[in-house]
Structure formats: structure tokens, C-alpha cells
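Read-outs throughout are calculated quantities, based only on the coordinates presented, and are distinct from any laboratory measurement. This one's a predicted model, so the numbers in the text were calculated from it and none came from an experiment. No Cβ is skipped: glycine too gets one built from the backbone with ideal geometry, and neighbour counts run over all protein chains shown.
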Amino acid sequence: MKFKFEKYQGTGNDFVMIDHREPFLLHLTREDIALICHRRFGIGADGFILIEKDESTDFKMVYFNSDGRESTMCGNGGRCSVMFAKSLGMIGDKDIRFQAIDGVHTASIDGETVNLGMNDVRQITSAESGVFLDTGSPHHVQSVPDLTDFEVDSEGRRIREQVYGEEGSNVNFIEWDGATLKVRTYERGVEGETYSCGTGVTASAIALHHLNQTKEEKVSISTPGGELSVSFSHNDGVYSNVILSGPAKKVFEGEWK
């Protein structure tokens, strides 16, 4: 198996990106993808993304977690996919539309920043010490008093497995200082903390508003991998016009043999 790839990162969430407009990785297995994403024996990444042609939009994003399983929506992966598609000449900076596993997303590019339209959120439910909502991927959000020293891996793994069962959930721990929302995320499929999670910070910002900790409809967010922002409109219990904004950058390119 031999192919060219590019590596992108969005606030430290990193992805192996493949131009798959002419499909050639038809026999790629889960084990193959897990090896490619392995940080000791492979390229190293939180996810693996194929960019493919789509009849009704600019392109299609097919996303796999680093364990090799095709997964639900990835916000940072979506932003990196937009930048990669632009480098391939598939899109400009405005009026971008692409297909993902959870439907069609819109986007725009402003320099190194990608503004990504996310799905509406219509339901938020109470969960153990927090709330649960779906922002294209399932997310548990929980406030903690000292996020810097919090045991994200151990507590995130416990909640992911014991509270949400076999299918599991991503788990976000948040701390709000009145100006910036700090977020640390345990991601299923990676099975550990990542530097950032796009659907996770989106869920965290919406949960913050839902819990009446802020009345603002734009939230500045700090993750271990960098700064993001989430804006939305809230009417009759529905969060719409949800936009995830942050940088997406190419790191390097190479060839896998």
C-alpha cells in the first residue's frame, strides 16, 4: 500500500488527509488506519480523513477515528478538510458546502481561520454531574472547579464507559471564568485526551448557555491546543446558526509505503 498524504492540524487536533477524488484505497482496513494513525509506528494522528467527490456539494468528508473506525462528525477535522479542499482547488473562500456523515455543512475561510457551520441542537438532557447533547457527535459536558489539575483521562474514561455504555460518549470538562471557557476533552475512538475537539467545544459552549452560566451567544474558548470560538442563536429551546471558528493549518506532506 503506497499513497501520498498531507497532515493538517486544527488547534492541535491532527489528521492524515487523503485526496480520494479518484478512489484507490478501496481495501483499506480498520487495522491499516489504526497503524497509519499510530504515533510510534505510523504517521501519527487523531484521525484519518478522505476527501471525495460529491454530486450535490463541493466535496465529501469521510472521517475515521485513530482506532480505524469510521466515526461521527469531527468539527476540527471538518475545518481541516475545508483548508485541504481549498489547496486542491475544489473551493474558494466563501459559500462552501460539503457532505459529512451528519449531513451538509457550510463554511467560509478568512485567512488561516475556518468558520464551520454545525448542525442545530434541539435536545439537551441531564446526565451524571452534567448534561448530554449531540453536536454531530455525542458529548457529555461537566463543570469542574480546577480544570488545570483535573484527571481528564481517568474520569473521562469512567464516564465514557460506565455512564454511556458500549457505544460511549465523548466527555468534556469545562471551567468558566466569566470571559473564557476552558475545555479539556476525552475523545472516544482516540481513548484519551486530545489537544482540542471541535464538536466538543461546540457542545461545551451550548451547554454553558443552557446552564445559564452566560447569556452571550458567542463564547471564546481555550483548549490545550489553542483558541476557538462558538457562536449561535437561541430561540424556543433550539440552538441554530451554530458556527465553530478557529485555525486550520497544513503541517507537512509525505508518502506512506
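Things to note:
- Magnitude of the charge dipole, the chain, Cβ model with Lys/Arg +1 and Asp/Glu -1, debye to 20: 540 debye
- A Cβ-based charge dipole, computed about the Cα centre of segment 83-129 with Lys and Arg at +1 and Asp and Glu at -1, lands at about 160 debye.
- GluC sites (Glu not before Pro) restricted to DSSP loop in segment 18-79 with at most 11 other C-beta within 10 Å: E55
- The chain - mean residue ellipticity at 222 nm from DSSP helices (-39,500 (n - 2.57) per run, n ≥ 4, rounded to 500): -4500 deg cm²/dmol
- Rel. contact order, % - alpha carbon contacts under 8 angstrom, at least six apart, the chain: 22 percent
- Charge sum, other residues only, whose C-beta stays under 10 Å from R69's C-beta, Lys/Arg counted +1 and Asp/Glu -1: 0
- Alpha carbon centroid spacing (whole Å) that separates segment 169-185 from segment 62-83: 21 Å
- In terms of overall dimensions, segment 1-106 has a Cα radius of gyration and Dmax of 12.9, 39 angstrom.
- Positive dipole terminus of the chain, leading residue within V121, G246, I91 (C-beta point charges): I91
- Set of lysines with alpha-carbon distance to K215 below 22 Å, sequence-local pairs under 8 removed: K182
- Selection of trypsin sites (Lys or Arg not before Pro), segment 1-92, meeting DSSP coil and at most 10 other Cβ within 10 Å: K2, R40
- Diffusion coefficient (Stokes-Einstein, Kirkwood radius over C-alpha pairs, 4 °C, 1.567 mPa s) for segment 124-245: 92 µm²/s, rounded to a whole number.
- Among the trypsin sites (Lys or Arg not before Pro) within segment 104-174, those in coil by DSSP and having at most 15 neighbouring Cβ atoms inside 10 Å are R122.
- Charge context of H234, other residues only, Cβ under 12 angstrom, K/R +1, D/E -1: -1
- Over 18 Å between alpha carbons, listed pairs K7/K86; K53/K257; K218/K250; K218/K249; K60/K86; K2/K53: K53/K257; K218/K250; K218/K249; K2/K53
- Contact order, relative form, for segment 124-245: 19 percent (alpha carbon pairs under 8 Å, 6 or more residues apart, mean separation divided by residue count).
- Under-5 Å amide H pairs with T113, H placed in peptide plane, nonlocal only: none
- Per the Cα gyration tensor, the chain maps to an equivalent ellipsoid with semi-axes of 29, 21, 16 Å, ordered largest to smallest.
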